[in-house]
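What follows is one structure encoded as structure tokens, with my remarks underneath.
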Amino acid sequence: MKKATFFMPLLLVVVLVALTWTYITMVSKHGGFSVSIGEKQGAILSAENRAEKALFYIDRSARYAAETAAFDLAENGGYYDVPECGAYLGVTIWNQGTKECWPETPDLEYARYFNDEIRERLAVYPDLPLAELSYDIVLDNRRLYAFSEQPIKFDIILREPDILPDEVVLKKQIIAKRLTQTYNPPPKVSLGQYAWPGQSTVITSCYGWRNIDYGSTEHRGIDIRAAVGDPVYAIAEGKARILNDVHNTLIIEHKGDLTSMYLHNSEILVLNGENVAKGQLVALAGKAGAKEPHIHLTIKKGKDYLDPIDPDNNLFDITKLSFTRSANCLYACKQYEYCDIMKERTA
């Protein structure tokens with residue numbers, strides 16, 4: 001046998017032993033490898049997905065903010081703030097005697113309104129400092145360009161091996177919270193065949209059209225007076241479904257193709273897919289996606305929206321409710337048989 005033929009296998013054995021010894025030494029010294037193969041790549045993709053989701057929300061928010069800012073600017077006569085000259089018969093004036101109160105350029109005044117509106121919408125986006133953003137506004141040929149003055153940073157988070165999956169953590173948190181909370185009985189207010197979703201029986205906005213500056217003009221539900229942290233109850237038994245949207249919406253699917261939706265929650269106290277009972281505490285009221293805290297209740301039968309307090313729908317007893325005079329309730333009440341009852345109970 002030639003020496004070269006004998007030497008090559010021996011060399012391979014020596015190299016393999018050396019690599020094995022090096023690997024064992026590194027594992028012993030550093031306590032093993034804490035990052036699995038592909039985990040870094042997965043963390044990068046996760047950060048990219050979070051960034052894309054946030055950018056989509058920013059884009060949609062900017063569209064609404066642009067329209068609202070234009071209306072606000074027109075309503076205040078081209079001013080961002082109340083001018084020193086004041087107003088005459090509700091119309092902003094620019095000159096009063098020797099005092100001149102001319103507004104800034106339309107672009108600058110509009111940019112101030114836009115930044116206020118966009119910040120208000122971005123402030124409700126969870127776990128991201130988007131409310132601190134401000135934009136340089138450029139108006140060109142009826143097109144609006146908004147350039148962020150600073151970047152948005154998304155951390156690349158590596159999951160530690162001993163961290164539980166998000167669903168397991170959420171279950172543990174909810175169970176711990178229920179154990180520490182006092183028992184909340186079903187609401188005492190009896191309002192027909194369904195449980196009333198809140199403690200208050202005051203309606204601040206009714207179903208149908210409404211003339212407002214913020215929110216939907218075609219209101220597909222009712223607003224019930226509530227403070228942040230007030231209980232929200234399920235109107236009937238069903239299965240919970242959670243929407244990860246700006247309104248922190250909870251949906252409960254009931255029997256008979258009926259669905260109830262609860263918006264603007266500060267916290268949801270049930271799990272996605274959990275079966276809930278009639279009158280069960282399912283959420284805490286808040287103002288997610290809204291200017292003021294309240295409980296928004298929407299009810300659907302199949303694909304059709306129902307007015308929750310219309311007697312024809314046989315859901316709740318309107319004679320036990322009251323209405324705020326500033327609400328939209330009297331705008332459309334003529335089309336309902338309960339218009340006279342509503343007027344009597346409007347404070």
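How many nm is it between the label spots at Lys239 and Ile157, if each spot is 7 Å from the Cα in line with the beta carbon?
Roughly 2.9 nm, to one decimal.
Could you list, in their original order, any pairs among Lys153/Lys239; Lys239/Lys303; Lys53/Lys291; Lys40/Lys239 whose Cα atoms are separated by more than 28 Å? Please report the intermediate quantities before stating the final value.
Numbers: Lys153/Lys239 37 Å; Lys239/Lys303 18 Å; Lys53/Lys291 23 Å; Lys40/Lys239 37 Å.
Too far apart for the 28 Å limit: Lys153/Lys239; Lys40/Lys239.
Under 10 Å from the Cβ of Ile251, count the other residues' Cβ atoms, weight Lys and Arg +1, Asp and Glu -1, and hand me the total.
So the environment of Ile251 carries a net charge of +2.
Every number here is computed from the coordinates shown, using simple stated rules; none is lab data. If you're wondering where the values come from, they're calculated on a predicted model, not measured in any experiment. Neighbour counts run over all protein chains shown; Cβ positions are idealised from the backbone, glycine included.
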